[in-house]
Amino acid sequence: MPTKDLTSQRKIEHVNIVLQKPVQFTQKTTGFEEMEVEYLTLPEIDAGKIDTRTTFLKHAFSFPFMVSSMTGGHEKTTIINRQIAQACEEVGIGMGLGSTRAAIENKKTMASFDVRKYAPNIFLACNIGVSNLKKYSSKQLQKLVDDLQCDAMIVHSNSAQEIVQHEGTPQFSDCLKEIGRVARELEVPVYVKEVGNGISPTNVKQLDKLPIAAIDVAGAGGTSWTAIESKRGTMDNKELGEKFWNVGIPTVPAVIGAKRYSKKPIIASGGVRSGQDVLKAMVLGASMSAAAIPIILAQDNGGAQKIVSHLEKLQREFRAGMFLAGAKNVSALHGKKYYLFGKTKEWVEQL
Ligand SMILES: Cc1cc2nc3c(=O)[nH]c(=O)nc-3n(C[C@H](O)[C@H](O)[C@H](O)COP(=O)(O)O)c2cc1C
């Protein structure tokens, strides 16, 4: 099969596996369950006056949450992206498109990413894999951003996934240089994101020196891409994927490390499953939070309306959490007192 068709085929296989098989971490959690925000019986605010809105990369969000990059590149993914975009527009949050490499390789797949008409006002980001950056000129990437009317370019870094993936591209030399080039040359903000194995302090320090706009830690504890890739390809991929199923830095220590070693805005993602998780991410100093798998499951279960219900539930929980923490707006959450326990505390002590 030509590369363009292989990429397209892989995209639909990923979606099918995610919808049909258990692919989350089994021996590691995000750490949100080992974090408690101080509870206030006298929050000294009125719940009705709480403001959940925020801005991220100069865009307005109804609360600090966006849908993580997922799919596109196969005709069957068109409806998924369209309904996610419609839901994001209705709720007033942002969306990352799945890797738009497919659209460069095969123009016919462009329609599956083309959601701007369904979501004219949202923050919308393109997405490209770091190990493929070398192949593309900044002009090609800018054209993609322009054609899809995106507001930012996400560069995803996924060494664990690439080393397990049957047809992976684990060629990661000069990636930092390539990220720097793209960040300097594109006309929109460029930021770096993991895919669920987390960004550790060593890499945060390196990324902090580049002209990128933000870092999405996409930590361990949610979806495991080594698990997904272990379910594709040969017996060797299966074995390797099972061995590395739980690799990476969990989301809570990843966010704390990123805040400690970088001044860039941080996105907390990887296993964000409730409004309380969003709240905890903000208390840790993240500027945004995001999730993937719960959104595609909601879409599969009932389209845009089901996604909207899920997002509204997150926002309700987030608002209640803000009340109990005594925060009348999102910035008031940063620096609120919290407690860490168990393994998460041990991670943080060693960052
Ligand atoms: C079906 C699916 C496809 C994905 N494709 C991409 C992708 O193309 N680019 C990317 O940066 N991340 C991709 N991801 C990773 C997510 O953006 C996210 O980082 C990861 O799933 C962890 O978040 P979660 O635990 O909330 O699912 C994908 C996730 C899913 C579930």
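The values are calculated or read from the model by the stated rules, or taken from the named source; none is laboratory data. All figures in this text were calculated on a predicted structure; none of them were measured in a lab. Every residue, glycine as well, gets a Cβ built from its backbone with ideal geometry; the counts of neighbours run over all protein chains shown. What goes into the accessible areas is simple: the full protein's heavy atoms, side chains included, and nothing from ligands, DNA or RNA. Shrake-Rupley method; radii C 1.70, N 1.55, O 1.52, S 1.80 Å.
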### Task
First compute the accessible area of segment 3-349 with a 1.4 Å probe, then give the percent of it belonging to carbon and sulfur atoms.
50
### Solvent-accessible area of Ser331 with every protein chain in place, 1.4 Å probe, in Å² to the nearest 10
80
### Query
Within the chain, which is the longest segment containing none of the GluC sites (Glu not before Pro) that sit in a DSSP loop and have at most 14 other Cβ atoms within 10 Å?
188-351
### Query
Out of Thr251, Val272, Ser137, whose Cα points farthest toward the positive end of the dipole of the chain (charges: +1 Lys, Arg; -1 Asp, Glu; placed on Cβ)?
Ser137
### Message
Give me the 1.4 Å probe accessible area per residue for the chain, excluding ligands and nucleic acids, in Å².
### Response
43
### Query
Using a 1.4 angstrom probe with every protein chain in place, what is the largest-first accessible-area order of His166, His14?
His166, His14
### Query
If you average the sequence gap of Cα pairs under 8 Å that are 6 or more apart and divide by the length of the chain, what percent do you get for the contact order?
23
#### Entry: Total charge dipole magnitude, the chain, about the Cα centre, Cβ charges on Lys, Arg, Asp, Glu only, Debye to nearest 20
460
### Task
Give a quick list of chymotrypsin sites (Phe, Trp or Tyr not before Pro) in segment 248-351 that DSSP marks as loop, anything other than H, G, I, E or B, with at most 10 other Cβ atoms within 10 Å.
none
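Mind checking which helices in the chain clear 18 Å along their axis (Cα) and have mean Kyte-Doolittle hydropathy of 0.0 or more, DSSP H runs only?
Taking the DSSP H segments of the chain (at least 18 Å long, mean hydropathy at least 0.0), we get 78-91, 293-325.
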### Query
Using the Cα atoms of the chain to build a convex hull, what is its mean projected area in square nanometres?
16.3
### Task
Please name whichever of Thr202, Met235, Asn16 sits farthest to the positive end of the charge dipole of segment 3-349, dipole taken about the Cα centre and charges placed at Cβ: Lys and Arg +1, Asp and Glu -1.
Thr202
### Query
So which of Lys238/Lys345; Lys21/Lys264; Lys108/Lys238; Lys58/Lys193; Lys21/Lys259; Lys21/Lys117 end up more than 30 Å apart by C-alpha?
Lys238/Lys345; Lys21/Lys264; Lys108/Lys238; Lys21/Lys259; Lys21/Lys117
### Proximal lysines relative to Lys49, as straight alpha-carbon distance under 19 Å, when same-chain residues fewer than 8 apart are discounted
Lys313, Lys328, Lys336
### Message
Just to be sure I follow the definition: excluding the sites themselves, where is the longest run in the chain that has none of the trypsin sites (Lys or Arg not before Pro) in a DSSP loop with at most 13 other Cβ atoms within 10 Å?
### Response
59-208
### Message
Only bridges whose two residues both fall in the chain count here: according to DSSP, what percent of them are antiparallel, nearest 5?
### Response
20
### Message
Using protein chains only and a probe of 1.4 angstrom, how many square angstrom of Leu284 are accessible, to the nearest 10?
### Response
20
